Each structure stands twice: as structure tokens, then as C-alpha cells.
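The values are calculated or read from the model by the stated rules, or taken from the named source; none is laboratory data. Nothing here was measured: the structure is a model prediction, and the numbers come from that model. Every residue, glycine as well, gets a Cβ built from its backbone with ideal geometry; the counts of neighbours run over all protein chains shown. Just the protein is used for accessible areas: all its heavy atoms, side chains included, with ligands, DNA and RNA removed. Shrake-Rupley method; radii C 1.70, N 1.55, O 1.52, S 1.80 Å.
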Amino acid sequence: MANARTVKADATGENLTFEHDGKSYTITPPTDWDVEIHGALEDERVIAAVKLILGPAQWGQYTVKPRNLAAFYSLLTDIEKAVGISGN
């Protein structure tokens with residue numbers, strides 16, 4: 001279930017901002033995600049979906065240092081919290 005912040009962002013088209021590993025990231029609400037993102041998620045291509053959600057500049061910011069799978073799942077958890085689906 002989406003949180004109030006996500007519902008508002010969906011209704012107004014406002015971007016969502018979250019912090020991860022000391023950096024700030026801004027993403028669009030899920031209702032504004034490109035169909036490619038939804039397709040990647042449907043195909044269980046989670047890393048591809050996150051790359052698309054963040055966009056090239058923010059993905060580059062995230063990958064400026066080496067990342068393992070645990071670090072990626074930490075980022076994914078923060079994205080889930082930002083869009084109101086944490087715990088799923």
C-alpha cells in the first residue's frame with residue numbers, strides 16, 4: 001500500500017526524494033514511470049529497472065564506487081520506502 005507522500009506525488013506529479021549512503025536521489029512517482037521500467041520489473045530485471053528509475057546521472061552517482069549485491073539491495077529498499085512499498 002502506498003504511503004501518503006507517494007499518493008500526493010502521484011496526484012500532483014511531484015518527484016520523490018530519498019537519501020541513500022549519504023547522497024540524495026530524486027525519482028518520479030511510480031505512476032509516471034516509463035513502460036520500460038514496468039516491463040523490466042515484470043521480467044524480474046530489477047537492476048535494469050533501478051537503472052531506468054534513477055536515470056543515467058544518478059545511476060552514475062550510485063556506481064561511482066564498487067557495489068556488491070547487498071549494497072544494491074540496500075538502495076532498492078530505500079527506493080521501495082520512497083515509493084511506499086517497503087516491506088514487500
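Checking each residue in segment 35-77 for being surrounded by 13 or more Cβ atoms within 10 Å (Cβ to Cβ) and at positive phi picks out only G55. Scanning segment 49-66 for residues being of a type in the set (V, I, T) and over 14 Å from the mean Cα position of the chain (by Cα) gives a total of 2. State whether one or more residues within segment 5-19 are modelled with pLDDT of 95 or more, in contact with an Asp or Glu (Cβ under 8 Å, 6 or more places away or on another chain) and open to solvent by less than 30 Å² (accessible area, probe 1.4 Å). The answer is yes, given that some residue of segment 5-19 is modelled with pLDDT of 95 or more, in contact with an Asp or Glu (Cβ under 8 Å, 6 or more places away or on another chain) and open to solvent by less than 30 Å² (accessible area, probe 1.4 Å).
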